[in-house]
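This report refers to the structure that appears directly beneath it.
The values are calculated or read from the model by the stated rules, or taken from the named source; none is laboratory data. Predicted, not measured: the structure shown is a model, and the values here were computed from it. Positions of Cβ are generated from backbone atoms using ideal geometry, with glycine treated the same way; all protein chains shown enter the neighbour counts. The accessibility values were calculated without ligands, DNA or RNA, using every heavy atom of the protein model including side chains. Shrake-Rupley method; radii C 1.70, N 1.55, O 1.52, S 1.80 Å.
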Amino acid sequence: MSTAKCVGILTSGGDAPGMNAAIRAVTRSAIYNGMAVKGIYRGYKGLITGEIQEFKTQNVSNIIQRGGTLLKTARCMEFKTPEGRKQAYNKLVEEGIEALIVIGGDGTLTGARIFAQEFNYPIVGLPGTIDNDLFGTDVTIGYDTALNTIMECVDKIRDTATSHDRLFFIEVMGRDAGFLALNGAIASGAEAAIIPETSLENDQLEEMIKNGFRKSKNSSIVLVAESELTGGAIGIAERVKNEFPLFDVRVTILGHLQRGGSPSAQDRILATRMGIAAIDALLDDQRNVMIGIQNDQIVYVPFSKAIKNDKPINRELLNTLRVSSI
Ligand code: ADP
């Protein structure tokens, strides 16, 4: 077995609930398998500056239930340059870290892919993003918790929407991906979702109104994915004010509260399984793959596939929302 004796772990990009559960699982599994573990703080930034600490099993006690990431996260422009990545590589050599586990989204895995190729260095990625926009995995760490948060928020907004007969546009996260908006709409009983995936196919606002939207209801809630393609909740609301001035329109942008909170059971279990699988992957001499889950089975997805392909939205869900919201 040519496996690393010491692995480094970092979280990078946008934080997501469940990252701590993943850090815990990676640490414990590495130790269980006789490896040393080093926690790298603030993503690629801390790798370059050397904010690194050896982790024992107690370092990850009492964190499974906490949102955010114990290792902190950051965005790091230097890592996008060859000089920055060389500094990072030198630091890994200096610290005796022979393989890396990175937890993050599309940007994090893109950086990992470039670095792994440049230095022929083993990296395993975990999909940590509330957006669920990584190809090759049914779900990402943090997505389920964010979906539940959105559902709870929409339930609350519905109380006021109903009392005032208002039309609410609620903007949710999902950098160019409609998973949170569409499934959030189904879960909260919203009337419609406006998502980037179908933005170029038809005018979703017009469609919504043409289909008798609000014929049978006095108040309505529409979830809008934040994206240039949808125009966001503010853009849509402006259009309604101009084209349908009779509606009493309001906008709520859920923003960063969607990232926070204690991870759901599903995210804790997913993160734990994926964390264990990341170490298994290294033991199996896998490198430069993202751990994914498909039909409840762990799979290895090459970085190139995970980040290059657009993850398609399940079309059946569009119909589910349409039919269930008449
Ligand atoms: P996320 O991982 O949540 O998508 P970002 O897109 O901000 O978040 O990416 C996180 C970090 O990954 C960036 O700050 C940068 O350090 C690194 N990264 C992103 N894209 C690249 C790239 N093309 N080359 C090298 N590093 C990158």
Name the GluC sites (Glu not before Pro) in region 218-326 that are in a loop by DSSP and that have at most 12 other C-beta atoms within 10 Å, would you?
-> Glu228
Along each principal axis, Cα extent of region 86-238, largest first, Å | 66, 30, 25
Under the 7 Å Cα-to-Cβ spin-label approximation, Gln117 and Ser304 lie apart by a distance in nanometres of 0.8 nm
Length added when fully stretched, Asn295-Gln266, from 0.36 nm per residue minus Cα-Cα | 9.0 nm
Probe 1.4 Å, accessible area per residue of the chain, Å² | 44 Å²
Per residue, what volume in Å³ does the convex hull of the Cα atoms of the chain enclose?
-> 123 Å³
How are the C-alpha pair distances of region 241-285 spread across 5 Å bins, as whole percents from the shortest bin up?
-> 5, 15, 11, 11, 11, 9, 8, 7, 7, 5, 5, 4, 1
From the Cα centre of region 87-147 to that of region 233-310, the distance in Å is 14 Å
For the chain, modelled as a Gaussian network with Cα springs under 10 Å, which listed residue fluctuates most, Met173, Met19, Met77?
-> Met77
Full extension from Leu257 to Ser61: what is 0.36 nm times the residue separation minus their Cα-Cα distance, to one decimal in nm?
-> 68.0 nm
Between Ile194 and residues 5 or more places away or on another chain, which pairs have amide H atoms under 5 Å apart, with H built 1.01 Å from N, and which residues are they?
-> Leu223, Val224, Ala225
Over all alpha-carbon pairs of region 23-146, lay out the pair-distance distribution in 10 Å bins, whole %, shortest bin first.
-> 12, 43, 37, 8
Label Asn33 and Asn202 with points 7 Å out from Cα along Cα→Cβ: what is the distance between them in nm?
-> 4.8 nm
Square roots of 5 times each gyration tensor eigenvalue, C-alpha, region 155-287, largest first, Å | 36, 17, 12
Scoring region 1-106 by relative contact order with C-alpha pairs under 8 Å, at least six apart, yields a percentage of 42 percent
Accessible-area composition of region 184-326, carbon plus sulfur, in percent [1.4 Å probe] = 51 percent
Run the quick spin-label model on Glu95 and Arg322: label points 7 Å from Cα toward the beta carbon, then report their separation in nm to one decimal.
-> 5.1 nm
